[in-house]
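The values are calculated or read from the model by the stated rules, or taken from the named source; none is laboratory data. Everything numeric here is computed off the predicted structure, so don't read it as measured data. So basically every Cβ, Gly included, is an ideal-geometry build from the backbone, and we count neighbours across all protein chains shown.
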Amino acid sequence: MGFFCTSPQKGSIQSPGNTECPSDKILNHREELDRYNNHQVHSTTGEIPRIRFERALTEGNSLLRPLSLPKPYTSLDDVFCLREQRRVNSYSRISLFSHEIQVPNTPLHKLVDIHMIPDQEKSTMNIRIWWNDALVHTLDLPLDGFRVHF
């Protein structure tokens with residue numbers, strides 16, 4: 001595909017040449033993935049990637065480890081979430097995206113960690129408030145009040 005200038009103005013727009021993308025030739029990405037992982041010899045290691053990976057697993061030489069929750073978290077939602085911090089005011093409240101939230105069991109004027117977990121099916125945002133490595137409050141708020149784009 002190129003652009004050509006047909007106006008009598010000075011100068012012209014040149015064709016960039018070959019604009020064909022190598023990925024256009026791949027009809028099925030799964031076939032390419034299978035070919036690369038199971039048939040093609042890797043140029044650096046000299047091995048087929050799947051065979052090398054399976055051998056590393058059996059020898060215990062893999063960097064893959066089981067996912068474990070860091071303490072004090074009890075849910076993966078606390079690991080894979082949106083995070084904010086707010087300071088508790090004199091009335092034991094925080095303000096989060098125009099929402100005033102009561103935060104019990106926290107000292108005044110201290111920072112709390114806020115974990116936000118969006119649930120698009122319910123159109124809600126689950127709010128989990130942490131202080132001093134302890135979950136102190138949780139609530140659901142409507143998703144439409146948050147400036148988060150998915």
Residues in the range 99-107: is at least one under 26 Å from the mean Cα position of the chain (by Cα) and within 22 Å of ASP119 (Cα to Cα)? yes
Could you tell me whether ARG147 is surrounded by fewer than 16 Cβ atoms within 10 Å (Cβ to Cβ) and either part of a loop (DSSP other than H, G, I, E, B) or of a type in the set (Phe, Trp, Tyr) (or both)? yes
Filtering the range 60-115 down to residues that are surrounded by 10 or more Cβ atoms within 10 Å (Cβ to Cβ) and on the phi > 0 side of the Ramachandran plot yields SER92, PHE97, ASN105
If I filter the range 62-77 for residues that are among the aromatic types (Phe, Trp, Tyr) and at pLDDT below 90, do I get at least one hit? yes
Within the range 100-137, can you find the residues that are in a strand (DSSP E or B), touching a residue at least 12 places away in the same chain (Cβ under 8 Å) and more than 19 Å from ASP77 (Cβ to Cβ)? GLN102, LEU111
Restricting to the range 58-88, name every residue that is touching a strand residue (DSSP E or B) at 6+ places or on another chain (Cβ under 9 Å) and of a type in the set (Gly, Ala, Ser). SER75
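Return yes when GLU47 is of a type in the set (Asp, Glu), in a loop (DSSP other than H, G, I, E, B) and modelled with pLDDT of 90 or more and no when it is not.
On the way: of a type in the set (Asp, Glu): yes; in a loop (DSSP other than H, G, I, E, B): yes; modelled with pLDDT of 90 or more: yes.
Here the answer is yes, as GLU47 does meet what is asked.
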Candidates SER95, SER62 - the one that is part of a loop (DSSP other than H, G, I, E, B), among the hydroxyl-bearing types (Ser, Thr, Tyr) and more than 22 Å from the chain's Cα centre (by Cα): SER62
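Looking at GLU84, is it among the charged types (D, E, K, R) and without any contact (Cβ under 8 Å) to a residue 12 or more places away in the chain?
no
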Might you let me know whether the range 101-121 holds any residue that is more than 15 Å from CYS81 (Cβ to Cβ), in contact with a Leu (Cβ under 6 Å, 6 or more places away or on another chain) and not basic (Lys, Arg)? no
The condition from (1) over 30 Å from ALA134 (Cα atoms); (2) of a type outside the set (Asp, Glu); (3) not in a helix (DSSP H, G or I) that ALA56 misses is numbered (3)
